[in-house]
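Read the figures in this text as sums done on the coordinates, not as results from a lab. All figures in this text were calculated on a predicted structure; none of them were measured in a lab. Don't worry about glycine lacking a Cβ; one is built from the backbone with ideal geometry, like all the others, and counts go over all protein chains shown.
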């Protein structure tokens with residue numbers, strides 16, 4: 001089948017899936033769970049083929065680790081499916097209801113977005129997570145995984161579609177694409193595909209964003225800041241900076257640039273330097289920073305760089321406004337934290353820093369769907385519309401307006417002496 | 001100034017505007033109201049220049065009517081500003097709050113999107129409406145009106161920016177672009193502009209959508225359907241079809257294609273034909289329709305055409321599924337209505353028709369921000385993300401996550417014996 005035909009049939013399946021009962025969807029999730037458990041050997045065998053080929057091709061150790069899909073990983077994704085079953089039904093929730101007139105009632109009701117295109121790199125667990133999230137939220141899905149994981153992905157996609165379709169999920173709701181050329185074609189199919197979710201490196205996400213007119217849910221970079229204000233508790237600031245930078249350096253919510261108020265810099269930076277030295281963090285400082293501590297010079301490029309490594313750039317700023325300006329100029333709209341005892345300063349920072357997540361007195365590493373308690377994480381978004389920051393299931397949902405009348409026509413409301421709208425808020429679930 | 005500089009300074013203004021107090025914004029709206037009232041003559045004089053030039057260039061009557069901006073139109077937009085002042089403050093509303101742990105509280109708080117680009121055709125009232133909506137919601141705006149209205153728009157933009165900046169709204173929040181070339185350049189500035197709202201003809205909106213990677217809020221076409229089911233009340237169906245088609249033919253929520261269940265067609269169509277004949281509506285019917293009433297033949301093209309005129313295409317369908325399939329194939333995802341007494345049939349129609357507005361037993365013409373009681377209408381959206389159907393002020397808003405801690409770091413939660421998240425829902429407004 002051509003990609004266009006696959007996408008078209010996914011769209012048909014998405015329509016039927018949008019009307020599928022909660023029970024059936026949960027039974028299907030149960031059935032996927034059992035099928036994954038019952039086919040462990042088949043999955044692990046397929047994964048071994050991928051792993052062997054990847055080793056022969058000298059894939060890096062971290063990539064091999066991501067590619068590995070063993071018994072532990074199967075348990076983890078199965079636990080995820082169990083939690084998903086327990087989540088309340090996301091489709092058909094009445095968000096808002098209003099009487100427009102007697103026997104003319106308006107309801108704003110959640111529904112699936114339609115067809116989601118997901119592109120991810122070498123982790124096969126992403127295939128299971130995202131396809132089961134799509135199923136629970138009633139969306140059809142086109143998946144393209146990294147070519148290193150092709151054998152594992154094929155087996156997983158087959159298990160998931162067969163076991164779910166067996167209990168009544170519309171055929172064609174899940175489709176695995178296999179080549180890069182398929183992805184290129186998918187990016188043009190805005191008639192059939194409603195949302196693209198790319199998971200992977202920044203470079204990869206940037207490529208996707210600039211090559212499609214389909215809306216993209218994701219983030220290209222995480223250039224996160226901590227601003228240590230003049231009124232900061234210095235010990236607290238130290239803990240927060242070290243955690244934000246070092247707790248896990250390779251992730252998008254890790255600290256990349258530290259901003260320090262000029263009045264506290266000479267007190268704060270020397271102690272910070274010893275802490276960071278102990279952890280082998282390279283410091284690249286602005287000219288003023290270099291006068292206080294011994295470090296490499298930061299260039300203009302450093303302010304716009306996501307290191308994802310044991311490197312920290314530091315800039316001393318004159319005041320809060322300069323800190324905000326720096327973040328809004330060089331940041332990526334991801335996560336930025338202020339350390340201060342002054343609540344007025346904090347409020348201004350949180351209002352004017354134009355980022356998805358703005359924190360007071362805590363580590364940037366908290367910006368994450370699991371830590372936020374969202375139930376399931378679809379991704380992290382630096383978009384300015386639809387969803388922002390860690391995105392739970394609501395990122396895969398939209399709403400429709402349902403208006404229930406009894407023969408009303410607009411002409412009766414358009415004459416000067418015509419009927420008047422009552423526009424009374426109801427507090428009523430949609431039902432017919 | 002280059003468009004890029006204008007957009008960049010709009011972005012700076014948008015940051016300051018996002019933190020501007022409700023009182024100041026309402027004072028600015030009041031100040032705009034007074035300035036419009038106090039400069040009536042200046043506005044009308046400028047409009048006369050536009051009108052004279054347009055008459056000389058033989059602009060069509062409906063376009064001249066739209067272009068005219070007289071005392072009545074000034075009153076209307078001023079009434080709009082008064083209602084806007086009365087609306088509750090949309091920015092800084094807590095949508096959701098959660099305790100992640102003791103003294104670690106998460107808030108999801110509404111905020112402006114940032115910089116909105118609005119492109120509209122000949123109606124100068126659109127300039128006033130959309131710029132005041134942007135102001136109330138804290139967004140900066142780049143406006144481009146039709147060249148026919150250039151003199152009027154220049155005067156209006158000057159009045160609005162001067163009178164608002166006088167009371168403390170950041171300079172540069174409102175900018176008028178003057179040439180088509182400016183628009184082309186604006187469509188490339190996804191670094192500075194967060195959302196484009198095009199108002200105007202379908203062709204125009206289609207052009208915008210396919211020439212920018214900035215998200216677009218709008219609708220390219222309104223191919224709306226009424227489906228008269230076998231279980232319909234025939235008199236009700238008649239009223240609804242006539243109103244949906246004839247109440248105002250030139251608008252996006254007017255009926256374009258009527259679908260009729262085969263079992264009711266021979267009873268329904270002859271009477272409908274006399275009603276439509278009286279109103280000079282041309283009927284284009286499918287083969288089965290042509291066997292029941294005398295009408296022109298409909299071609300495949302008719303099913304995908306938005307007439308915006310006294311023309312109706314009619315197709316007889318075998319059942320509900322065929323009706324749903326027709327709408328999801330040829331419709332534009334705008335508004336579709338079913339007429340039936342059968343609630344199960346209605347529920348299926350409303351679930352499976354993939355449109356922004358799905359109606360039971362009422363006219364398609366109800367899908368409109370004013371009739372929905374949204375307070376203010378930003379536009380109508382057929383997007384599948386962010387907003388759908390008639391869009392009120394929430395279309396100009398997004399949220400940010402504010403996390404308030406007391407020194408917490410992620411490392412303390414990552415150890416096996418570490419702290420546990422409480423994830424307790426709060427019911428608390430954000431405040432520091």
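Structure data summary
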{"quantity": "Shortest-first nm distances, residue A:412 label point to equivalent points in other copies (7 Å, Cα→Cβ)", "calculated": "6.3"}
{"quantity": "Most mobile of A:278, A:66, A:343 in a GNM of chain A (Cα contacts under 10 Å)", "calculated": "A:278"}
{"quantity": "Angle in degrees between helix B:124-136 and the longest Cα principal axis of chain B, rounded to the nearest 10", "calculated": "50 degrees"}
{"quantity": "Most to least packed among B:299-307, A:146-154 [average Cβ atoms within 10 Å]", "calculated": "A:146-154, B:299-307"}
{"quantity": "Averaged over A:394-401, number of beta-carbon atoms from partner chains that fall within 10 Å", "calculated": "5"}
{"quantity": "Cα gyration tensor shape of the stretch B:37-124, rounded if a/c is under 1.5, else prolate or oblate by comparing a/b with b/c", "calculated": "prolate"}
{"quantity": "Average beta carbon contacts from partner chains per residue of A:368-375, 10 Å cutoff", "calculated": "4"}
{"quantity": "Global form of the stretch B:224-366, assessed from the alpha-carbon gyration tensor, a/c cut-off 1.5", "calculated": "rounded"}
{"quantity": "For residues of B:349-361, the mean tally of beta carbons on other chains within 10 Å", "calculated": "6"}
{"quantity": "Shortest-first distances to equivalent copies, position residue B:251, nm, label 7 Å out along Cβ", "calculated": "5.1"}
{"quantity": "222 nm mean residue ellipticity, helices alone, for chain B (DSSP H n ≥ 4; -39,500 (n - 2.57); rounded to 500)", "calculated": "-12500 deg cm²/dmol"}
{"quantity": "Simple spin-label estimate for residue A:102 and residue B:414 in nanometres, 7 Å along Cα-Cβ", "calculated": "6.5 nm"}
{"quantity": "Nearest residue to the symmetry axis between A and B, taken on chain A by its Cβ, in whole Å", "calculated": "A:386, 2"}
{"quantity": "Label-zone membership for the stretch A:136-176, site residue A:21, 7 angstrom Cα→C-beta point, backbone N under 14 Å", "calculated": "A:167-169"}
{"quantity": "Most mobile of B:145, B:369, B:418 in a GNM of chain B (Cα contacts under 10 Å)", "calculated": "B:418"}
{"quantity": "Computed FRET value (nearest 0.05) for residue A:300 with residue A:341, which takes r as the C-beta separation and R₀ as 22 Å", "calculated": "0.10"}
{"quantity": "Between the stretch B:354-393 and the stretch A:334-380, the Cα center-to-center distance that results, in Å", "calculated": "33 Å"}
{"quantity": "Distances in nm from residue A:4 to the matching label points in the other copies, shortest first (labels 7 Å along Cα to Cβ)", "calculated": "3.7"}
{"quantity": "FRET efficiency, residue B:370 to residue B:154 (Cβ-Cβ, R0 30 Å, nearest 0.05)", "calculated": "0.55"}
{"quantity": "Inter-label distance, nm, simple model (7 Å from Cα along the C-beta direction), residue A:65/residue A:230", "calculated": "4.4 nm"}
{"quantity": "Overall form of chain A per C-alpha gyration tensor (a/c, 1.5; a/b vs b/c)", "calculated": "oblate"}
{"quantity": "Simple spin-label estimate for residue A:424 and residue B:79 in nanometres, 7 Å along Cα-Cβ", "calculated": "2.5 nm"}
{"quantity": "Length gained when the stretch residue B:250-residue B:191 is fully extended (0.36 nm per residue, less Cα-Cα span)", "calculated": "17.6 nm"}
{"quantity": "Between the stretch B:219-272 and the stretch A:1-79, the Cα center-to-center distance that results, in Å", "calculated": "46 Å"}
{"quantity": "Share, in percent, of DSSP beta bridges within chain B that are antiparallel, nearest 5", "calculated": "35 percent"}
{"quantity": "The stretch B:224-366, relative contact order [Cα under 8 Å, separation at least 6], %", "calculated": "34 percent"}
{"quantity": "Relative contact order, percent, chain B [alpha-carbon distance under 8 Å, six or more residues apart]", "calculated": "19 percent"}
{"quantity": "Share antiparallel - DSSP beta bridges, the protein assembly as shown, percent rounded to 5", "calculated": "30 percent"}
{"quantity": "Choice from B:413, B:330, B:248 showing the highest fluctuation, given a GNM over chain B with Cα pairs closer than 10 Å", "calculated": "B:413"}
